[in-house]
Amino acid sequence: MFTGCLLKEKSLTIPALLGGKPVTILGGHHLANHTNLTSIVIPEMVTDIGMEAFANCTALSRITLPGNVKSIARTRRAIPNN
């Protein structure tokens, strides 16, 4: 499970392996509040994305999701229609 990072870059490619094990879950709130983050690439092995994984990432404009994602946890807050 990928649970977070200290991030200064504007784009992030989440690694497919951590410690030799596949990343299959992105933990909830794992990138929350990274306001400079503009793009994320999620590896093919990820099947689940935790609640509010990208909350308050106000500059985020592009997320590349793999076709294997089965579950994206719902947020507790309503998401406004733009």
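Would you pick out the residues in segment 2-33 that are closer than 20 Å to K70 by Cβ, among the β-branched types (V, I, T) and at pLDDT 75 or above?
If the condition is that a residue be closer than 20 Å to K70 by Cβ, among the β-branched types (V, I, T) and at pLDDT 75 or above, then I14, V23, T24, I25 are the ones that fit.
Name every residue in segment 19-47 that is assigned to a strand (DSSP E or B) and surrounded by fewer than 16 Cβ atoms within 10 Å (Cβ to Cβ), in order of residue number.
Once the filter is applied, which keeps residues that are assigned to a strand (DSSP E or B) and surrounded by fewer than 16 Cβ atoms within 10 Å (Cβ to Cβ), segment 19-47 yields K21, P22, S39, V41.
Taking segment 49-62, which residues are buried (at least 17 other Cβ atoms within 10 Å of the Cβ) and either aromatic (F, W, Y) or not in a loop (DSSP other than H, G, I, E, B) (or both)?
Hits for segment 49-62 are I49, F54.
In segment 34-57, which residue that is at pLDDT 90 or above and of a type in the set (S, T, Y) is nearest to the chain's Cα centre (by Cα)?
For segment 34-57, the residue satisfying everything is S39.
The values are calculated or read from the model by the stated rules, or taken from the named source; none is laboratory data. Keep in mind the model is a prediction, meaning the values are calculated, not measured. So basically every Cβ, Gly included, is an ideal-geometry build from the backbone, and we count neighbours across all protein chains shown.
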